[in-house]
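Just so you know, all these numbers are worked out from the coordinates, no wet-lab data involved. Values in this document were obtained by computation on a predicted structure and should not be read as measured data. Reconstructed Cβ throughout: ideal geometry from the backbone, glycine too, with neighbour counts over all protein chains shown.
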């Protein structure tokens with residue numbers, strides 16, 4: 001599998017980290033949009049532990065990027081970006097996290113309740129059944145794919161369907177990496193690692209995102225010396241798939257990339 005996809009022209013000083021974990025391809029649209037003005041790397045993670053994903057990312061960047069780089073991480077990719085930057089601070093000159101999950105467990109307790117309550121009755125029942133299968137340890141990629149589509153609807157203010165989008169689902173990676181990541185958050189090891197970051201960190205977060213903005217803003221404001229949050233109104237978890245937030249999101253992103 002090709003794990004580094006290049007868009008635009010040299011220098012390649014922007015790297016994109018997809019969500020999931022185990023849902024590669026989710027940042028392709030962002031890469032294409034930015035490539036008119038920047039050299040962009042879409043970074044695909046294939047490993048099944050956090051440590052191995054960090055090592056894989058290190059090899060990708062040291063072999064393909066013009067360092068130091070600006071990393072843009074969405075959802076799980078936001079956490080991976082934080083963890084990577086804390087370990088390799090000299091390789092990252094700026095970190096932008098989009099739709100990050102809460103970094104401390106106390107802000108996350110109502111996440112699934114919020115998501116399920118936003119769905120129609122039939123969708124909610126299907127989502128609950130799929131979630132039960134995921135929690136029981138199933139490794140069928142189809143299950144995670146169908147659940148992800150329902151969560152995209154629940155997490156969005158006005159969702160823009162993209163029939164051309166291709167996201168490659170790997171349930172094995174999801175089960176392994178997410179289980180490890182949840183433990184990092186539960187034990188506060190996640191926020192403790194983040195405290196080592198020295199570069200500027202910018203969080204772009206939709207006000208309608210099921211993942212509460214307080215779970216990102218409060219912990220990081222208390223931990224990082226150079227941190228800011230940019231809120232997007234009428235926007236959920238994935239700004240470039242939102243009817244009202246898509247254009248302002250790219251305007252904000254381009255501004256942050258040249259500052």
Problem set entry | Ranking of 123, 42, 251, 33 by count of other Cβ atoms within 10 Å, fewest first | 251, 123, 33, 42
Problem set entry | For region 93-224: relative contact order, % (alpha-carbon pairs under 8 angstrom, 6 or more apart) | 50 percent
Exercise. Could you give the nm distance between label points at residue 160 and residue 250, where each point is 7 Å from its Cα heading toward the beta carbon?
Worked result: 0.7 nm
Exercise. Over all Cα pairs of the chain, how is the pair count split among 10 Å bins, expressed in % and running from 0 up to the last occupied bin?
Worked result: 7, 33, 40, 18, 2
Problem set entry | In nm, spacing of pseudo-spin labels at residue 88 and residue 258 (7 Å Cα→C-beta vector) | 2.8 nm
For this session: Springs between alpha-carbon atoms under 10 Å, Gaussian network over the chain: tell me which of 191, 72, 97 tops the mean-square fluctuations.
Result: 191
Problem set entry | Normalised contact order of region 4-258, rounded percent, pairs of Cα under 8 Å and 6 or more residues apart | 22 percent
For this session: Express in nm, to one decimal, how much length is gained between residue 128 and residue 188 on full extension, taking 0.36 nm for each residue of separation and deducting their alpha carbon distance.
Result: 18.8 nm
Exercise. Taking Cα centroids, how far is region 83-127 from region 194-233 in Å?
Worked result: 12 Å
For this session: Only bridges with both residues in region 4-258 count here: give the DSSP antiparallel percent, nearest 5.
Result: 20 percent
Seminar exercise, completed: Cα-based Rg then Dmax for region 168-259, in Å, read 15.1, 39
Exercise. Would you list 27, 1, 171 from fewest to most Cβ contacts within 10 Å?
Worked result: 1, 171, 27
Problem set entry | residue 178 paired with residue 9, simple spin-label distance in nm, labels 7 Å along Cα-to-beta-carbon | 4.2 nm
For this session: With everything on Cα atoms, drop me the angle between helix 246-258 and the longest principal axis of the chain, reported from 0 to 90° to the nearest 10.
Result: 30 degrees
